[in-house]
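Each remark here refers to the structure printed beneath this line.
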Amino acid sequence: MNTLSNAALTTSIPVTSSEGRLSRPEAVPPWKNPTQLERPSYLLSFPFSLSTEVANNPWMEDLPGDRRCPNFKRACVQFLELYRYLAGEALVYILPTPQTAALQDQVYTANLGIVLAHVAGRNTVIISNFTSEPRRGETQVGVEFFQQMGYNIWVSPTKFEGEAELKHLYDNVYAGGYGIRSERESYEWMEKNFDMQVVKLRLTDPYLYHLDCLVFPITKESTIVCTELLEPNEIAELEKFTNIIDVSVDEAYSGICNSVRMPKVVLNSSHLYDLRPGTEDYQREIQKNRKLEDIASKFALEVSYINLSEYHKSGALLSCMVMHLNRQAYQIALTD
């Protein structure tokens, strides 16, 4: 892959007239990309290249090799359930899977990059500079995809792993996780170049290695946060911009923050019915689900669950599999 500078990369496709001269299309569409569409839009990736060959996080390391291998057929069924639910209310793109590279984690598109919701034109995307070695080939995949879509493309000059690490709160305010997979310098670079403010949150728990494991903006005004795992000064800074709804470490470990907001529904992964009633794992899953439902009900939101157990073998949950192409789902405030 060619080295990319910090300058925006753009692609233009000339239109040739019958006389051989370059011309512009006569009609200009009302929008040019899914970010500009006034309907929720997401990017997913079918698990064609899904593998757990390289254990690149503690969840995978804890699983014996014979239990870590995903069942491809079941993984496909679970993916299609997620796709079906999202596509019922949103535009959903599928990221192409190149057959020339072993991209075991490409299905987790939340790490591919982030589309900046606040930038004028709504056509700017920052592609990730991965710390995780098996994921580094995804950068070129992201660049090529968004080039074809006509976005202005930047690649972070320092380590950064996408919207799973950078949560949009509102306007030009974001919360950014650093310390394990992403570097603080990445957010300083973004602030300098994109007129944005990033509340920087240091991650220290190796099992919760991306920010979406402990921060979930449920509305534009309120954010679910596992405050026990953050420094008091960072929590105080975050409170300046959002109403914090605290959850426990156990609830974070169970994936309460690894959710995706639809206009009227919060989507979350739950494999409750795969668990034996009465076991500790079953009780933790019940507690997580009830807590999320209690929180959601205060905002007149429902909760829907999708079993993504095959992706747990990669140490992943639902939010890992969804990249937002816009934030239209947050435009509807049912109550606050």
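Selection of segment 137-150 for residues being open to solvent by 30 Å² or more (accessible area, probe 1.4 Å) and not in a loop (DSSP other than H, G, I, E, B) yields Gln140, Glu144, Gln147, Gln148. If the condition is being under 14 Å from Ser45 (Cβ atoms) and assigned to a helix (DSSP H, G or I), then segment 75-109 contributes Ala75, Cys76, Gln78, Phe79, Leu80, Leu82, Tyr83, Leu86, Thr109.
Sort out which residues of segment 311-332 are open to solvent by less than 10 Å² (accessible area, probe 1.4 Å) and more than 12 Å from the chain's Cα centre (by Cα), and write them in order of number. Answer for segment 311-332, where residues must be open to solvent by less than 10 Å² (accessible area, probe 1.4 Å) and more than 12 Å from the chain's Cα centre (by Cα): Tyr311, Ser314, Ala329. In summary, Cys76 fulfils each of the numbered conditions (1) modelled with pLDDT under 95; (2) under 15 Å from Leu50 (Cα atoms) with the single exception of condition (1). Considered as a group, the residues in segment 155-194 that are surrounded by 24 or more Cβ atoms within 10 Å (Cβ to Cβ) and among the acidic types (Asp, Glu) include one that is nearest to Arg136 (Cα to Cα), and that residue is Glu161. Could you say whether any residue in segment 154-172 is touching a His at 6+ places or on another chain (Cβ under 8 Å) and either modelled with pLDDT under 95 or polar (S, T, N, Q) (or both)? Taking every residue of segment 154-172 in turn, at least one turns out to be touching a His at 6+ places or on another chain (Cβ under 8 Å) and either modelled with pLDDT under 95 or polar (S, T, N, Q) (or both). In segment 151-263, counting only strands (runs of 3 or more DSSP E) that sit wholly within it, the ones holding 1 or more residues that are of a type in the set (Val, Ile, Thr) span 152-155, 173-178, 197-202, 215-217, 222-225, 243-246.
Determine the pairs where a residue that is within 15 Å of Thr109 (Cα to Cα), located within segment 299-328, has a partner that is among the polar types (S, T, N, Q) and open to solvent by 30 Å² or more (accessible area, probe 1.4 Å) with Cβ atoms under 8 Å apart, the partner being 6 or more residues away or on another chain. These pairs meet every condition: Asn326/Gln36. Is at least one residue of segment 245-259 touching a Pro at 6+ places or on another chain (Cβ under 8 Å), closer than 19 Å to Lys220 by Cβ and open to solvent by less than 30 Å² (accessible area, probe 1.4 Å)? Within segment 245-259 (the criterion being touching a Pro at 6+ places or on another chain (Cβ under 8 Å), closer than 19 Å to Lys220 by Cβ and open to solvent by less than 30 Å² (accessible area, probe 1.4 Å)), the answer is no, since none of the residues qualifies.
Quick check on segment 179-186. Is at least one of its residues aliphatic (A, V, I, L, M), more than 21 Å from Asn326 (Cβ to Cβ), at pLDDT 95 or above and in contact with an Asp or Glu (Cβ under 9 Å, 6 or more places away or on another chain)? If you could, list the steps in order and put the result at the bottom.
Pass one, segment 179-186, residues aliphatic (A, V, I, L, M): 180.
With the extra rule that they be more than 21 Å from Asn326 (Cβ to Cβ), the set shrinks to 180.
Still in the list and also at pLDDT 95 or above: 180.
Cutting the leftovers down to in contact with an Asp or Glu (Cβ under 9 Å, 6 or more places away or on another chain) gives us 180.
Yes, the conditions are met somewhere in segment 179-186.
The residues of segment 91-113 include none that are crowded, with 21+ Cβ neighbours inside 10 Å and closer than 23 Å to Pro30 by Cα. Residues of segment 114-133 that are more than 19 Å from His324 (Cα to Cα) and either surrounded by 20 or more Cβ atoms within 10 Å (Cβ to Cβ) or over 18 Å from the mean Cα position of the chain (by Cα) (or both): Glu133 alone.
Say whether the condition of being closer than 21 Å to Asp205 by Cβ and either open to solvent by less than 20 Å² (accessible area, probe 1.4 Å) or charged (D, E, K, R) (or both) is met by at least one residue in segment 262-271.
yes
Of the listed requirements (1) part of a loop (DSSP other than H, G, I, E, B); (2) surrounded by fewer than 18 Cβ atoms within 10 Å (Cβ to Cβ); (3) touching a residue at least 24 places away in the same chain (Cβ under 8 Å), Arg276 misses just one: (3). Cβ-Cβ contacts under 7 Å between residues 6 or more apart (or on different chains), taken from a first residue in segment 110-125 that is under 16 Å from Gln147 (Cβ atoms) and part of a loop (DSSP other than H, G, I, E, B) to a second residue that is open to solvent by less than 10 Å² (accessible area, probe 1.4 Å) and among the small types (Gly, Ala, Ser), are listed as Leu112/Ser128; Leu112/Gly142; Leu112/Gly162. Scanning segment 141-166 for residues that are acidic (Asp, Glu) and farther than 13 Å from Ala110 by Cβ turns up just one, Glu144.
The values are calculated or read from the model by the stated rules, or taken from the named source; none is laboratory data. A quick note: this is a predicted structure, and the numbers were derived from the prediction, not measured. Using ideal geometry, Cβ is built from the backbone for each residue, glycine included, and neighbour counts are taken over all protein chains shown. Side chains are part of the model used for accessible areas, which takes the heavy atoms of the whole protein and leaves out ligands, DNA and RNA. Shrake-Rupley method; radii C 1.70, N 1.55, O 1.52, S 1.80 Å.
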